[in-house]
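No lab work stands behind these numbers, since they all come straight from the coordinates. The structure presented is a predicted model; accordingly, all values stated were derived computationally and were not measured. Note that each Cβ is placed from the backbone with ideal geometry, even for glycine, and that neighbours are counted across all protein chains shown.
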Amino acid sequence: MWWLATFTENPPVAVLPYKTPHRRRIITERRNIMKKTYRLLFIAVMALICLAAAAPALAQSKMVVAQDTPPRMMNPHGDDSDAGLSYMANFFDGLLQRKGAQGELLPGLAVKWDHPDLLTWRFFLRKGVTFHNGNAFNAADVKFTFERLVDPEVSEFTNTGKQIESVEIIDDYTVAIKTKMPIPWFANNMHQVFIMDKESTESRDPGDVMVKPIGTGAYMLNEWVKGSYIRMKANPDYWEGAPPVDTVEVRPITESSTRFAALVSGQVDIVTGVPVELYDKIVNNPKLTVVSRPARRSIFLGIGNKPGTPTADIRVRKAMYMAINEDEIIEKIMRGHAAPAAQVPDPPTIGYNPDIERLPYNPAAARELLAEAGYADGFDITLTGPNDRYVQDAKIAEAVARYLAKVGIRVELDVKPKSVFFPEVTKGILDFYLIGWFDGTFDMGRTYFKLAHTRDEEKGMGVFNGAAFSDPDIDRLLESTADIVDPAQREKTLQALNKMAMVDKIVWIPLHYQEDLYAIQKGKGIQFQPRPDRWMVYKEISR
Amino acid sequence: MGTYILRRLIQGVVVILVASMFCFVIFQYMGDPALNMVGQYASFEEIREVREMLGLDQPIYVQYLKFIWNALHGNFGKSYVTRVPALGLILERFPATFELVTVAVLLAFFTGVSLGVLVSLKPYAMRNRFIMALSLGGVSIPTFLIGIVLIMIFAAYLGLLPAFGRGDTIQVGFWRTGFLTISGLRHLILPAVTLAMYQLAVLLRLTRAGMREVLTEEYIKTAWAKGLPPRKVIFKHALRNVMIPVVTMTGLQFGELIAFSIVTETIFQWPGMGNLLLTSIYEGDQPVIVTYIMLAALIIITANIVVDILYAVINPRIRYD
């Protein structure tokens, strides 16, 4: 360590080594430096080559997926967004499940269910199912699960939980759930409530429940490194049979260009949430394929009808509807990846009315209507919307503002992050806003109670009625559907309600249905059918 | 010196308190966390209950004092999004950020200083002018652009290096490290280079400027006249006097990068603290945000104090009292 002493200003002479004559030292030093630098360079280049060549090979029974949203926690009730439920559907099962292109409701952990009276739902449970830790699945686990839903500390399904009056264990494999008031779509929701193991959830530390899932699902969690990857391996004792792919590694990548790069470089097999701008690049790449399906989510504009405001007049609302060129929005902004919508629910939903048609784009007629209503000079209105929630949401709002400006309506644009936008919607203080929606129950009733019903704090209705739209006819017809359980009857009444809302009252201006885009590696034999709810359920994918 | 350090520490505490107070004021305008927690189908009643449970219905100063009181006991609240303790959530990601920043800073320091010395010796040679032009690019091109271009070249087109993530990591005690696996080291290359670019360019210019000034000094001329070998003159005599501002700069950058390497972490999906801060801001996760800001303030203040002390150690003419 003698050389350290040279850092001081005046090293003691005794510490310095024998000094060779200056000139010879210069020559040898120069030669040594050259040798050393070349050696270092050589080593560096070798190292780089070794590192580059040591590319890890993907195992054959494995699949790597890049999803656009990471899981928040491994507690199946803690996140009611589709992104979160998508992960949980692999580790857990609900009493029922949805499969297929139309999201058909099928038996899950319950083999049969019925509805003996308006308030009771009976589920007959599957026998011989075990949780990942070996515990047997029985009615006690179902009771525990539903009673857990009301606790806001661990559950975002408090709404579902609070609707339940009691859970009765009839015997080890039969459960009867009584609701506080008739809820016709109750069973339709059962694919989202995942059953947890009573014994292990109660005995474990709540922090452990948040990171280690113990369910009955097709996959078991192998490793979860937050922010990096989720590794799961197949459950050989799964009641539906072991899933086709042995190991699945999910890598959440939120940045879309990085997701694209991961796909192109071959690091991942499937990518979800392909942004519309990158569609052309992927289609032109011979190694990749795009898989698309029409999404269930419809994008629409909410308008208020407070007396005294311009939009209270239905002619004004009609004019605004006709002033927007939806086809151009789909073509230019959504790059063709959307389908025009005439209503809010999508085709598989009960209440979807195929007879409703979009009003045609007609700015001249719009201007006439405005003049008729007394607004020949137009009026001012603010359009609020999110800028980080839906596909191209901010751009759509801009386009709408521009179309309305052409018929004389001056729109002030107010786009903001979803965390600020949605609380404003729930406060009902907006005049005109952009929003998207789809209902997981495939039944329009619940959606309408939340979106169209007059705001009522006590009854908890109209929470998302952002412009406080209020119409007594709609309220009356909607409330009458609450008691109807027969699906055919529900369908008729809800369709009539839908028509009234879209054609007679123009509660919303519908825009389009989004499209879900995924990309997969060609030539790896991946069989992937996207689900309508955008969940990635790996037992349904094979390679 | 002792009183100086104590004074700086007290100033640091004041800064942390002011930063956290700021956060609380801003939270009033950031939206409603209760809404995010109850799910889309909740009723007004349920939203109100959750708001009470979280203590959000109380006036700001009450919330703030409660927060400080809990913080003094080590409880920084639970994340609204993942329902786990906020401090643990942040510290869990600390090793990832620390490793990335360390590698980036070392890379920037050694490359920047060496290139700076090289460039200062013959400032108007073609090669050196070229390097200076590149450094201008390093300073002005934004980090996300450098990152994306590197990913496109090395990961997408050449397929040499991985595009995202940390690779295989090994847990050593509580520290999850990427240094012990080939995969981990490979994943470190692109993000570290991206992060290092700006610092490298700055250090290069700083070193060059310092060296140019020092090389015209009298004692350097004496050293040349004495016939000392060039290496001794440049490194032992000239560079050491330039090192003071360079080391100061590096120390400050180290602190700042650890706290705010958000952009690079987002592009490379690096599971570090910066990434967590960004997602928390989007999701309105207030406990995590305020805890993070306080932690970031603490890190930067500590880095500043350490650098100032180091400055005094290196340069004995500096005295603190």
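Please report the relative contact order for chain B, taking Cα pairs under 8 Å with a sequence separation of at least 6, and give it as a percent rounded to a whole number. Before the final figure, lay out the partial values.
Values: 369 pairs, mean separation 84.7, N = 321.
Relative contact order, chain B: 26 percent.
For a quick size check, give me the Cα extents of segment B:174-278 along its three principal axes, largest first, whole Å.
So the three principal-axis extents are 56, 28, 24 Å.
Suppose only helical runs count, i.e. DSSP H with n ≥ 4. What mean residue ellipticity at 222 nm does that imply for chain A under -39500 (n - 2.57) per run, divided by all residues and rounded to the nearest 500 deg cm²/dmol? Each step should come with its number before you reach the end.
Details: 15 runs with 159 residues, N = 543.
Computed ellipticity for chain A at 222 nm equals -9000 deg cm²/dmol.
Let me spell out the model: positive unit charges on the Cβ of Lys and Arg, negative unit charges on the Cβ of Asp and Glu, origin at the Cα centre of chain A. What dipole size does that give, in debye rounded to 20? Display every interim value, and only then the final one.
Details: 66 positive and 69 negative charges, 731 e Å.
Result for chain A is approximately 3500 debye, rounded to the nearest 20.
In whole Hz, what ³J(HN,Hα) sequence does segment A:254-271 give by Karplus (6.51, -1.76, 1.60; θ = phi - 60°), x for Gly and Pro?
For segment A:254-271, the Karplus-derived couplings read 7, 7, 5, 5, 5, 4, 4, 4, 4, 5, 5, 7, x, 6, 10, 8, 10, 10 Hz, x marking Gly and Pro.
Quick one: if you stick a label point 7 Å off each Cα along the C-beta vector at A:Arg335 and B:Leu145, how many nm between them?
2.2
Projected onto the charge dipole of chain B (+1 at Lys/Arg Cβ, -1 at Asp/Glu Cβ, origin at the Cα centre), which of B:Met273, B:Leu9, B:Tyr219 gives the Cα projection farthest towards the positive end?
Farthest towards the positive pole: B:Tyr219.
Using +1 at the Cβ of each Lys and Arg and -1 at the Cβ of each Asp and Glu in the protein assembly as shown, identify which of B:Leu91, B:Met152, A:His453 lies farthest towards the dipole's positive end.
Toward the positive end, the furthest listed residue is B:Met152.
Give the separation of the Cα centroids, segment B:127-197 to segment A:322-387, in Å.
47
Among the lysines, which fall within straight-line cross-link reach of B:Lys226, defined as a Cα-Cα distance under 20 Å, with same-chain neighbours fewer than 8 residues apart omitted?
Straight-distance partners of B:Lys226: A:Lys19, B:Lys236.
Viscosity 1.002 mPa s, temperature 20 °C: give me the Stokes-Einstein translational D for segment A:219-301 in µm²/s, with Rh taken as the Kirkwood radius over C-alpha pairs.
Rounded, D is 140 µm²/s.
Kindly state, as a whole number, the per residue volume in cubic angstrom of the convex hull around the alpha carbon atoms of segment A:153-204.
Cα convex hull per residue, to the nearest whole number: 110 Å³.
Based on Cα positions only, what radius of gyration and what Dmax would you give for the protein assembly as shown, in angstroms?
32.1, 107
Would you mind telling me the antiparallel percentage of the DSSP bridges in the protein assembly as shown, rounded to 5?
Of those bridges, close to 75 percent are antiparallel.
Run down the lysines and flag those whose C-alpha is under 20 Å from the C-alpha of B:Lys78, throwing out any fewer than 8 positions away in its chain.
Once the sequence-local lysines are set aside, what remains near B:Lys78 is A:Lys212, A:Lys226, B:Lys66.
Can you tell me how segment B:73-140 classifies by the Cα gyration tensor, rounded, prolate or oblate, using a/c under 1.5 as the rounded cut?
prolate
May I ask you to sort B:Ile281, A:Ile195 by Cβ crowding, counting other Cβ atoms within 10 Å and putting the fewest first? Display every interim value, and only then the final one.
Values: B:Ile281 17, A:Ile195 26.
Fewest to most other Cβ atoms nearby, the residues stand as B:Ile281, A:Ile195.
Which entries in A:Lys416/A:Lys459; A:Lys99/A:Lys287; A:Lys62/A:Lys539; A:Lys112/A:Lys459 show an alpha-carbon gap greater than 21 Å?
Long pairs (Cα-Cα over 21 Å): A:Lys416/A:Lys459; A:Lys99/A:Lys287; A:Lys112/A:Lys459.
Relative to the compact globular guide of 2.2 N^0.38 Å, what is the alpha carbon radius of gyration of segment B:86-314, as a ratio?
Ratio of Rg to 2.2 N^0.38 Å for segment B:86-314: 1.15.
Near the amide H of A:Arg98, under 5 Å away, which other amide H atoms are found, from residues 5 or more places off or on another chain, if H is placed in the peptide plane?
Excluding prolines and chain starts, which carry no amide H, the hits are A:Leu106.
May I ask which residue of B:Gly165, A:Val271, B:Ser120 lies farthest towards the positive end of the charge dipole of the protein assembly as shown, with charges of +1 (Lys, Arg) and -1 (Asp, Glu) on Cβ and the Cα centre as origin?
Positive-most Cα among the choices belongs to B:Ser120.
Assigning unit charges at the beta carbon (Lys, Arg +1; Asp, Glu -1) and nothing else, what dipole magnitude in debye, to the nearest 20, does segment B:86-314 show about its Cα centre?
1240
Provide the per-residue ³J(HN,Hα) series for segment A:337-345, in order, calculated from phi with Karplus coefficients 6.51, -1.76, 1.60 and θ = phi - 60°, each as a whole number of Hz, with x at glycine and proline positions.
9, 7, 10, x, 10, 10, 8, 7, x
Considering only the other residues whose Cβ falls under 15 Å of the Cβ of A:Arg122, what net charge follows from Lys and Arg at +1 and Asp and Glu at -1?
Result for the neighbourhood of A:Arg122: -2.
Using only Cα atoms, what Kirkwood radius does segment B:100-236 have, in angstroms?
Numbers: mean 1/r = 0.0584 Å⁻¹.
For segment B:100-236, inverting the mean 1/r across all distinct Cα pairs yields 17.1 Å.
Place a label point 7 angstrom from the Cα of B:Ile318 along the Cα-to-Cβ direction, then list the residues of segment B:230-257 whose backbone nitrogen is under 17 Å away.
Zone members listed by number: B:240-256.
Looking only at B:Leu228, B:Leu277, B:Leu203, which one moves most when chain B is put into a Gaussian network model with springs between Cα atoms under 10 Å?
B:Leu228
Can you work out ³J(HN,Hα) from phi for every residue in segment A:503-515, in order, using Karplus 6.51 cos²θ - 1.76 cosθ + 1.60 and θ = phi - 60°, giving whole Hz and x for Gly and Pro?
Per residue, the Karplus-derived 3J(HN,Hα) values read 9, 7, 10, 6, 5, 9, 9, x, 10, 7, 9, 6, 10 Hz.
Hey, rough spin-label estimate for B:Glu45 and A:Val503, points 7 angstrom out along Cα→Cβ, what's it come to in nanometres?
Here the modelled spin labels are 3.7 nm apart.
Report, by chain and number, residues whose modeled amide H sits under 5 Å from the one on B:Lys78, excluding near sequence neighbours (fewer than 5 apart, same chain).
Those lying under 5 Å, H to H, from B:Lys78 are B:Ala86.
Helix by helix through chain B, keep the DSSP H runs that span 24 Å or more along the axis on Cα and average at least 0.0 on Kyte-Doolittle, and give those back in order.
Those that clear 24 Å and a mean of 0.0 are B:2-27, B:94-121, B:182-214, B:240-260, B:286-314.
Over chain A, calculate the relative contact order: mean separation of alpha carbon pairs under 8 Å at least 6 apart, over the residue count, as a percent. Can you show the working numbers first?
Numbers: 1035 pairs, mean separation 96.3, N = 543.
Dividing the mean separation by the residue count of chain A yields 18 percent.
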